[in-house]
Every structure is written in structure tokens, then in C-alpha cells.
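Heads up, the thing below is written out as C-alpha cells.
Each reported figure results from applying straightforward, stated rules to the coordinates on display, with no laboratory input. Bear in mind that the values here come from a model prediction, so they are computed numbers and not experimental data. Positions of Cβ are backbone-derived with ideal geometry, glycine not excepted, and every protein chain shown enters the neighbour counts.
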Ligand SMILES: Cc1cc2nc3c(=O)[nH]c(=O)nc-3n(C[C@H](O)[C@H](O)[C@H](O)COP(=O)(O)O)c2cc1C
Ligand code: SF4
Ligand code: FES
């Protein structure tokens, strides 16, 4: 009856206890539910409303407010290109236009094969490492068009199963955060921000 | 990890080059939680006094004196009190809190514990923007370690101090960085700001007295307690205590985040740390403190010092420390448009002037950038921005109006040039932004 | 010296006073200074969203919203400066950015606040050239339509639905410029269909399926009438065009119901236009009901009744709970004087005689008005489900909870929605035993609570947890807390009667402070029927009939029918055969006369049917369940039908009663004021709609020899006895709710 895995249900139970009122857990629950299912299905909305003792309307009102939450599926890899000011000044628009051309999709669209979806996003908090792209939850920064291509190649390969480190993540899930090509990105000496992809697993 | 720059003064960032500071062992090895021990031995009022003495002003944007804010919390309260950390960092041009969350998460925890002791709170939450998932994970690991070692939870350090602390994720909403919208969001609601008064110190999260501070503000606290308020204050000019993280981006050779004493000359930041402008280009303008601050034209910018009062004197704000450098190739119409797209997208939609005004301004700016529009619209845009300014429910409306007004004021000619069909420095391309 | 609770301020140079805590916008309004607003609405939460009410306040750098600022001593305000005017103009300009200018085809045209404000404060001419973002209109329910571009996001509807109705069926979706009001089920609305959202909408974004596109507001006459459905007696302003009632609304908020109306008061009145309305008398000729002339029908009735009287046959009279006081009074007079029978009754839904008997000897205010529930510190509600059966009562209880933190104690066998506002809720197996326990008799253990753990359906997003009902604590705590109350209104339904009512009152009177009572009876004039003496044993004002003179009650009359126990039965505005079907064969010896709007089950079995006007088509007074008396005004008309009063007078004349003269409600009212205990109310107050309270306390009310327990009607929001069946709107809503749709 629950659309969620037992682990996620358990996590929800724990989350709801963290606050003076369980409704506080709503936004995290929605995001974690989306991580698992790829999007917020009607069943997910119903279940979360039920867990919190809220109406589905109350849950939907919240979903519609937050730009990361979606009620439709996205691609397995959701490519989010920042074009806000710092990135704009360093080629964010070009990266975005390149993604449109290469993936053949526009803003908030998903490719027919379901591998990639694209979104032009607002500032990602990577301004001093501009231009930046986030794929699912992974940051890729100080990108050139060539580096972007390599990154997309790697994701595409992973989607085909060509990448041995590939995990079991469902559509739109963040996927395993293991070795992705981040070469060159992060020109700031030790490239700390660029290499964090490895640290996260 | 980041290596210090010779011109930096590392206080908040003092552990940024320490590879294991994000682990409890690493943190403890470098003064970790010593400030907490010291603070717990102090009376709460004394802690607040020390913070007041430091001259620390909020690093989230508004620059409100932190010690003063803490002192507004009533001592006795029938409702539970809370400490919240604002890690929503979404102001374009700003990416400093991210580094603290990454390299020194325990400093945030320690700062919050001290704040909790100071105001008599027993619970806190760290609200981290949804895009920073890896930092949420990192913070949760840090919290788990701290909890296991008795730094979070019941009877901390055997001193009868209880403090429960959790990390909490947002899900994509700049407005949730506004303190009262953040509290709504933390209560599981839409991020609509609240009416003020009452202010959070009186009635905040769940109606309880609440202190809410920026990541950097809280992370500055342990050093202040450890070394004394006067020590911190001495780094900067009067009333502008201490150091802060500046995020340099845009058309500079070397982008990055550096910790500098307040009052640091902007020119030195751009030239000596940022390596000057890229490709030897000439400076056109600087965004001094994140996208909501009025832009400074080159001649003003070259002579300014980075502290709250100096920047205010130049009709802008130090804001969140996001310094964005624009060279002469920048199309100011496009820049204004991109800023407006952001605020239109992030407007919560609650109040009329912000909701309708940002939409109209975006439409109008788009038309201009595409070479359309009417000459009269330049003045109309100014008037519409003025009609937003100071009339909205929260400061987001001001944030949208202020940079726009500064661009219309200083670079009005570029709008007329677009109308006249002169080639746009950026070309006439408009991104798909605005479709959303 | 000025009252210390008053604050002095200056607005536009004019010195004003206002009680501390008053919102600036209200203080200005009280002194005739209009500060325009859209999102502000009295008694709903503050939004400060439209920014229309910005004013200058000295020592404040920015303009301030008058809708949120509380007056303070020495405050200096300017609401008339150049800056303020510019701000208003710009607020309207922003609001109009995407508002379609389709006023000529908009239902709200002529009663649109945006239209009025634009006229008063707006710019002459739009400066924005952008095309408007069009969206198709949406139908959310049989009653509610939504036109998104017209919506100005004032959030009034959301608050009226949530805070006012506690339904929470409307919300806000999306963010920023895409924000929009949405219904609870994505593309449709499931709610109480009260229509308050439509009424409160300042523009034409929400319109009603029942009224839209029928007329323009200025083509209608607006007649303040009293709703003819439940016993609460809301005022509804009828929109009448050419004698047809097109809508009911509440925009002038002048009635006892303030802002409130439920679906029936607002849209249920379409029964008046139902094609099956009776417009001609019918007589059974050769076994079939055929239209006949009024004179034929009247003479036939009189002739048969005189014959029956001569033969000493028994006649029974069943009166109505929907006819006006003047008619009920005249009906009992007709029964007692003209038909000379004591067999007289009506469908009782609450035990008023027991209440007034129990209150005998109480001095001071013993009865509460329905609106007292809005401010009562504590209320004890025994039985019933006001949300469904008494929507205004429920609204008032919610209001009290919201504005004054009323402590609501509920004793109920079921799980009713008002539990959400309850301070203490005891779900008990048997009300009688629980009341006895309250009154100090019986053991709490002997009457276990039914023990429902959690309310089944939680839909009150903003109810603080502390206010949610406490179960399972036992009646002991319930009683202990009640005993500490100083000022309680006891409200009880027809679920309890007789001695239980007396015990409840004994308990209430034993409390140390003041205790007042309200009995909840169904139908618009149930209380009037009782007060006017439609009883076999009680005269108007609950005066007892002479010893040994009481007649058959309703049940006894119906029971007598199969045995030919009644030679004639005269039924006025009631449909007893719906609840107690009677075999037509059994009626062969009974001359059945029915007076009604429709051919009901009872009318279908009649020998003679008189077509009657409904309450909206005649003048007189009605008494709501708490005893508030209000004037009924004539709105619509129905060619061919006559008022019950007129029919009674004509029948009396046909029967040879010469003293009555023509029907005249005013004269009858004078008689009531003179004759009926508790009704000598100040005429001016009464006619002005002040709804004065009738107090028919008359000393002990004797117990009937064969007591008849009330039978609550158990109506829901969408049913209303026999009448509701003729409302297309109510039926439409019911239809939409059938499972499987
Ligand atoms: C629209 C808006 C967005 C904001 N976003 C942030 C933010 O992302 N991070 C932050 O620390 N403060 C943000 N602020 C400022 C906060 O409201 C608040 O002033 C701050 O968290 C207080 O902390 P401080 O005193 O330590 O700066 C924002 C304010 C506004 C009006
Ligand atoms: S200014 Fe108004 S619409 Fe804009 S974010 Fe603030 S409250 Fe929302
Ligand atoms: S009425 Fe004050 S802002 Fe709308």
C-alpha cells in the first residue's frame, strides 16, 4: 500500500520525530520520496498526506511551491544548467544552448529515451566556480563545452550500462556518486570542489 | 580544501586547509569544542555580551548585529525557544556557506550550541538548500558523530545542557532564505514570509522565540568566544567587526572565496587576489554583495572598501559577500534581464507588486533585449521598479527593484542603443530562461 | 477623562479614538475614512498581500499596510497624501496587469470591488501593453466555477473556506506569477458547497453555477428574507427579477448570520422555480386528482368538514414547521375554534416543552441567542451534528473557537466534525446516561465511552494540537472541568427529550455562573410551530389546555388512520406520509386535505390539495431555533398559489366564521404579541431585523399524558426534508457525490 521502500518508510518515521510537529518533515519527505521514485506520484502524495495527517491539497500546495519537486517524471539524469549572473558572465548560456542542441530537448523536457532531462536553473551556489552544471545532485563546475560533453558522454555510457560502477538507481534518482570524469573542472589548484564527487559515496 | 592566500585573514576559514576538519577527530584536534566548554562555563548574558563586543554583523545579507539579535530573545518564555541556521544560500553570486558546510561543519554545530546556551534554547535546525545534498549528507554525518560523542543531545559536556540539533533540507526556493519564510518551510508549508512584527526573537519557529543566523555568522561564534569579542572586532573598522568570506566571480582571472577583514579594498580583491580582469579587459561594474545589491559603476567600485558602512555610503550594500565583476563586454540589458528572471522565478507570489511587477519587468526587459519595446518603457521600467521598492511584503521585492534601478540609472544609454538597433555586446541571443 | 482602553491617533489631521488593539484600517472605517483594500477581510487572518491599503505613518520610513498595523497612542497617519495615492494607483495597475477587462460579460460586473476601486483610485488609462495570459474557465463543482485570469489572489476564498468553514478545500498552487487558487481534488472541488468563497470573492473569479449568466445585479430587486431551510434562521438576500428568485446572497452582512450562508440558503431556493410547483387547487374526482377552481375547493372542504362536525366525526390537524408564525398561530386557532378539534400537532424535532418546563422559575436570561455562541466562553453541546443540521450554529461555534477560544464540550454518540474545535469531547454510548452522570447520578464506569481512538478524518491544517479533542479521559474529567465554568451555553438536539432535558437543565442550573440554553430543532420555523401551540395539549406560549381537553398527537393521529379513527385529516405544509407511509386503501373513509407547494407523498393521497406559497413569497415573522424572531419579507411570487394564512382565512370564512375578516399578517402579529407569552417584542426592533429573543417561559409546562419524543430530521447539508428534493442545485450536488462517479 505504501509506494515507498521499507527503508524510506522507516526514515520517514524517524524524520517525523525530529520536530515539535510532524508536519515539519514534509519538505524533506517529498524530496526523499522523489529521490526514490523519480517523481512525486499520486500514490506518493497520498501516502505522505496520510503519514502526516494532512490533506492531499496541503501536500500539493507545498509541492507546487518548491522548484526541485516535480509531479512528472524526469530523465534518469536531470541536467541542470545555471545561467544566473556569475555563470552568465562565464558562458552559462552557451552551456545551456549546447545541452539543448546535443540532447535535442528544451527547458524542463525529457528526452524520448528517458536518459536525460534538461532544466535551466537558478543560482546553484557555485558562483566562484562558474559556470556550473548539476546532474541530479552532482556538481560539475568551471566547465568548458568540451568538459560538458565528456560529462554527458559518461552519463550516457552509464545509462547504457557501459559504466561498471553503475548502480540500481531508479529513473531520476541521484544514482551512485562514484567516479565521473571531472578532469580539469575546478581550476582552483586542489580542485576541492570538483573532486567532491568522489567523497560523497 | 583550499590553501590560504597571503592576503587572507583566516578566522572562519581557518580549517579550510585541514583535510580532516569535517570529522570529529579532526575538529577536536584543532580547538574543536573548546569554545563550547568555555561558553558553557559562562553565564548566557556574558556570552551575548562577548558576541556584542565582537561587532559581528549578520553574514546573511542584512548585516544586523548578531549579539543584539540574541539579546532580543526573552529570558522567560512559555514556548520552547529555537536556534536556526540559515544555510539556504541562494543569493546569486554567493557560495561561501557551502565551503563552511563542506570543510568545517562542526564549527556550525558549535556555534549553534553556543547560541542555544546564550538564549536558553534546547533545539536547533540547520536549514540547507535542497541542491546542497552532499552537504546535507555531510552535516548529518557530523551531527551523528557529535551526538555519539555527547556534543549534541542530553547533558552536553556533563553540564546539564541539553540541545537537540538536526539538519533539514529545502527543495528549491530562494525565498526560503528569508528568515520567516524559512520558518514556514521548516514547518512543512509553502515558503511564504510572515507578517512582522512579531519578529522571530519573540515569535519564530512554531511560535517560539527563535534566533536565526546565517552559516557564516554562526561559524564565527566559536572563534569569538575563544579569542574574545575585542580580538574579532579589531580585524575590521569600527562597527564592522571581524572578517568575512568574499565570493569573487565574473570576469576575473581567478574566481574564488577568500576571507578578508572587513574594510578590505575592493580593488585589491579584484587585482591582487583575483588577478585582475580576464583578458586585460576594463572594468564596467561590480555587484558588491550578491544579486540584490545595486551595481556600482567602475569608478565608484575602484575606490570602495568592503565593509557595511562604506558600501552603504556608495548607495549599495555589502549584502551576502558575493562580489561579481563585470567587464566592458557585458550587456547591461541582458544582465538586468537575467537578474529579473531570477526574482520573477523566485517571487513567492504572495504580494501583488512583487508578483506582477517582476513579471512585467521581465517581459519588458526581454522585449528590450530583443530590440523591441518603446523608448517610454525605459522610464516606465524605472517607475515600476520604484513602485515595487519599499511596498512589498518582504525584501525580495526590494531585491528585484534595487539592481534594476541602478542599471537603469547608470546604463540607461544601453537600453536606448538596443532600441536604436546597435549591436548588443552579448549578441541578441536570449536564453530559454524566462520560459520558466 | 477618556476611557483608558481608548487610543488616540490622528488620521489626515483628524483626531480619532479607537479601542486599543484595533487595526488601523478598522479605526479609519469607524470614522468614515475609507482605506481601500482587497485582501483584508474582517475576522479572517491578515494577509497584507494586495498592498492596496498602504498609508503613511509618521516615524516609519516605508508605507505601512493599514490592514495589519494596530493603532497606537499618538500615531499620526496620512491616508490621503500624494505618495499614498500614487501607491494605490500602482497597486491597481499591478493587479490589472493580467486581469481581463471583460466586465460586460462578467457575473460580478456591477458588484465588483476591483471595478469600484479602479474607478475611484486607479489610473485613467493602462500603460502596460502586454497581452494577458488567458486560461479557460474551470467548473469545480455544480456550484463553483473558477475563472483564473480574473483572480487577484487576495486569498479571501481560501480563508473563508479554511478558517471560516473549517473545510480547507481551497489552496494555492505553484509559486510566483504562476500561483493560483486550486480546489482540493486537482480538477474538482469536494466541499460543503456553501458558496462563501463565491460571495467573498471581490471580483468575478469565483461564480456560482446556480446563478451565473442569468441576469445583471442591477436588474434584480434585493429582498432581505429569512432562509426557509434549517432552524437557524439565516438572513438571505433574495435577488428577484420579475417575481423569480434567482439567488440568495449575503453581501450586506446585515443578518444574524453575518457573512455566512450555507448552500441551502444561497442556492437551495431554486425549488421555488421547480416545474412541479402546485399552482391550482386539486380535487379527487373519480379517483384522480384534477385541477379545480379555488372556490370549488374551498367550498368542498367547508362542506365536508361541516358534515363531519355534524356527524361528530373526529378531525385531525397536522401543522408545519416551515409556515410563518402568523400562519401557525392562525392554524391552531382554526383547528381549535373553527374545526373545534384538539387533535393538533406538528413534526417535533426538539423537546421545547421539556426545556421550558425545566426552566420554570429561572429568573434572568435563561435562553441564549444563536449569535451568543460566537462569544461564549464555554459551550456544552449535547447530541446532534450542527455542521450538517445547523450550519449557522456550527459556524458560530467555530467563530467562537477562532476568535475567543471558546471551550467547546461535546457529548455525542458519534464522531462529528465539530470535534476539531472541541476542548473536551466525549463519545458516549448513550446520551441519556451521560447526562444523568453529569447531573451527579450514575457511575462513569457504568457508561463507558465508545472509545474511538483517533478522529477518522483530519482536515484542519491549522488547528493547534492542543485544541484537538481529548478522548478516553472519561466523563469524570469532562464534568469536573464543566463544573469550573462560569458562563456556559448548553446546546442540545432532539436526540434527548423529556426527563433527560430536565436533567441537563438541572445540571446547567447547578453551575455556579450563568447558564443559558438553546434547543436545536429542524426546519425554519420549528420553534415558531412550538411557540404558537401546534400541540394537542399546549396552547400558544406553552399554556396548558383545560384539564382533560388534550387531543391526539401526531403519532396517535397517524395510528388512527387505518382504523378509520379520523373522519378527516388536514395537513398543512407537512409530509407525514414520507416517514409513516399509509396505505391509500386505509384512507378511503378519511377526508384528507393537504396544503403544500408540491405533490408530496401525503398530497398525492389527498382528496383535496391547496397550492401554497413558500416562505419567500409571503410576509410575516419566523422564530429561529434559539427563539430569535425575524421578519419574513415577500420576495418571489407564484401565480395561482396562496399563502397559508390566506387559505386559512378563506376556509374559515367558508366555514361561516365571520369575525376573522381577510388575511392580514400585521393584524395577526398584533394578536400574537398580545396573546403569546414571550412574543410581546418591541415592534420596531422586530421589523428592523434585530432578531429579538422570544422568552415563552410560562411556569411549569405539564407533561403530556402520552409523551411524544422528538424525531430529529437528520438532514445533511444537501438535504432538507421533502423540500430539498425540489432543488436542482441540491440534487446536482447529491448526484455528483454518488459513489462510482
Ligand atoms: C529574499 C531573501 C532571501 C534571503 N536569503 C538568505 C540566504 O539564503 N541565506 C541567509 O543566510 N540569509 C538570507 N536572507 C537573510 C535572512 O532573512 C536573515 O536576515 C538572515 O538569515 C539572518 O542571519 P544573519 O543575521 O546571521 O545574517 C534572505 C533575505 C531575503 C529577504
Ligand atoms: S515581496 Fe511579496 S511576492 Fe515577493 S517574495 Fe516577498 S512576499 Fe513574496
Ligand atoms: S488590504 Fe492590506 S495589503 Fe491587502
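Data overview
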quantity	calculated
Rounded to 10°, Cα long-axis angle of helix B:396-410 versus longest principal axis of chain B	40 degrees
Largest to smallest principal axis extent of the C-alpha atoms in the stretch C:516-572, angstrom	44, 28, 16
Intensity falloff of the stretch C:1-138 expressed as log10 I(q)/I(0), Debye formula with alpha-carbon point scatterers, at q = 0.18, 0.21, 0.22 Å⁻¹	-1.03, -1.28, -1.37
Span per principal axis, largest first, for the Cα atoms of the stretch C:70-119 (Å)	48, 19, 16
Neighbour-count ranking [beta-carbon atoms within 10 angstrom, fewest first] of B:346, C:288, C:93	C:288, C:93, B:346
Pairs of alpha carbons in the stretch A:1-135 whose separation is greater than 19 Å (percent)	57 percent
Ranking of B:206, B:340, C:655 by count of other Cβ atoms within 10 Å, fewest first	B:206, C:655, B:340
Convex hull volume per residue in cubic angstrom - Cα atoms of the stretch C:284-424	209 Å³
Shape category assigned to chain C from the gyration tensor of Cα positions, a/c cut at 1.5	prolate
Net length gained if the chain between residue C:670 and residue C:483 were fully extended (0.36 nm per residue, minus Cα distance)	63.0 nm
Pairs of Cα atoms farther than 14 Å apart, the stretch A:6-65, %	49 percent
Antiparallel DSSP beta bridges within chain C, percent to nearest 5	50 percent
Bins of 5 Å from zero: percent of alpha-carbon pairs in the stretch C:539-590	4, 16, 25, 22, 14, 10, 7, 1
For chain B, the Rg and Dmax computed from alpha carbons only, in angstrom	21.9, 73
Förster radius 30 Å - calculated FRET efficiency between residue C:340 and residue C:687 (Cβ-Cβ, nearest 0.05)	0.30
Cα-based Rg and Dmax for the stretch B:65-166, where Dmax is the largest Cα-Cα distance (Å)	14.2, 43
Against the rule of thumb 2.2 N^0.38 Å, how large the Cα Rg of the protein assembly as shown comes out	1.08
Enclosed volume per residue, in Å³, of the convex hull spanned by Cα atoms of the stretch C:84-193	131 Å³
Ratio of the Cα radius of gyration of the stretch C:596-656 to 2.2 N^0.38 Å, where N counts its residues	1.31
Cα-based equivalent ellipsoid, the stretch B:224-306: semi-axes from gyration tensor eigenvalues, Å	26, 13, 11
Residue order, fewest to most beta carbons within 10 Å, for C:323, C:318, C:200, B:108	C:200, C:318, B:108, C:323
DSSP beta bridges in the protein assembly as shown [antiparallel fraction, %, rounded to 5]	50 percent
Percent RCO, i.e. relative contact order, over chain C, from Cα pairs under 8 Å lying at least 6 residues apart	15 percent
Cβ crowding within 10 Å averaged over residues, with C:526-535, B:244-253 ranked highest first	C:526-535, B:244-253
Bins of 5 Å, starting at 0 and running to the largest distance - Cα pair percent for the stretch A:100-152	4, 18, 28, 27, 17, 5, 1
Ranked by how many other beta carbons lie within 10 Å on average, peptides C:80-92, B:207-219 from highest	B:207-219, C:80-92
Kirkwood hydrodynamic radius (C-alpha pairs) into Stokes-Einstein, the stretch C:103-273, 20 °C and 1.002 mPa s, D in µm²/s	127 µm²/s
Over the stretch C:197-288, volume per residue of the alpha carbon convex hull, in Å³	128 Å³
Dimensionless Rg over Rh [the stretch C:595-730; C-alpha; Kirkwood]	0.99
Globularity index of the stretch B:266-395, i.e. its alpha-carbon radius of gyration over 2.2 N^0.38 Å	1.14
Dimensions (Å) - the stretch C:41-100, Cα atoms, principal axes, largest first	43, 30, 16
Square roots of five times the Cα gyration tensor eigenvalues for the stretch C:542-634, Å	27, 21, 11
